[in-house]
1. If you rank Thr30, Thr154 by how much accessible surface each has, with a 1.4 Å probe, what is the order from largest down?
2. Between the range 65-79 and the range 132-156, what's the alpha-carbon centroid distance in Å?
3. Between Met1 and Ala39, how high is the FRET efficiency from 1/(1 + (r/R0)^6) when r is the Cβ-Cβ distance and R₀ = 30 Å? Nearest 0.05.
4. Nothing charged except the Cβ atoms of Lys and Arg (+1) and of Asp and Glu (-1): what's the magnitude of the dipole of the range 130-216 about its Cα centre? Round to the nearest 20 debye.
5. Starting from the Cα of Asn201, step 7 Å along the direction of its Cβ; do the same at Thr94; then give the gap between the two resulting points in nm.
6. Heads up, I need the accessible area for Phe63: 1.4 angstrom probe, whole protein in place, Å², nearest 10.
7. If Thr82, Thr94 are ordered by their accessible area, calculated over protein heavy atoms with a 1.4 Å probe, which sequence runs from highest to lowest?
8. How do Val146, Val6, Val177 rank by accessible surface area computed with a 1.4 Å probe, from largest to smallest?
Amino acid sequence: MAKLTVFFKYKAIDSYLFENGIVHIGRDETNNVTIDSLAVAPAHAAIIIRDNESTIKQLNDNFPLIINGQKVKECNLHDNDTITIGKHDVVYNTTEPVDKSKPFDSQSLENTIVVGRDSFDYEPDGDTPLPPASLQVMNGSNIGKVLSLKKPMTRLGSNGSGVIIISKKREGYFVSVLENVGVIALNNIPIENNYIKLNNNDILTINKVSLQFFLN
């Protein structure tokens, strides 16, 4: 089974689950995934989902298909690949059962996604680059683990137990909530629907796990 999550301007706007078969993506309402934008072709791309692999194909030469920042005609998809279609990003994942008894674990720390369109413009203008940053786990079984925030967008948490997104922008690093379940807070203040810039030594909480943000 495959999961496709559609993003627009750093926000998830739709999510779809598909079994084996062909998934059509485009502007026309007959598509399995419809993206209402003139930057998207009526029939833009098709994903062939099989048990062991998924392949995406461009359907219209006048509308580019971009995977992880690279233009392609056809390629295999892997977990966390970002499909850029017009001004939207579609993140591809294979799905697995959600265990809600585990609010946050080591697999969650590895669960990062890249929104490829932003990889071209997250560096600031001028001579002073955005400093690299990381998160360090402050408690639990993964205490001490450091997660570098190298990608334009990083997803942390697990479905059904709370998920946050950290976006790397010209102005700095920003946190927002993708799935608001349990306790999700910044410095003990609930994040809710806010879009907040992170400061050095801020503490993020996702349910029972605390992570400290720091600039390297």
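The values are calculated or read from the model by the stated rules, or taken from the named source; none is laboratory data. Only a predicted model underlies this, so the values are computations on that prediction, with no experimental measurement involved. Don't worry about glycine lacking a Cβ; one is built from the backbone with ideal geometry, like all the others, and counts go over all protein chains shown. Note: accessible area is taken over every heavy atom of the protein model, side chains too, but ligands, DNA and RNA are not part of it. Shrake-Rupley method; radii C 1.70, N 1.55, O 1.52, S 1.80 Å.
1. On the way: Thr30 120, Thr154 5 Å².
Ranked from most to least accessible, the order is Thr30, Thr154.
2. Centre-to-centre distance over Cα atoms comes out at 27 Å.
3. So the FRET efficiency works out to roughly 0.55.
4. 320 debye
5. For the pair Asn201/Thr94, the computed spacing is 4.4 nm.
6. 50 Å²
7. Thr94, Thr82
8. Working: Val146 75, Val6 5, Val177 30 Å².
Ranked from most to least accessible, the order is Val146, Val177, Val6.
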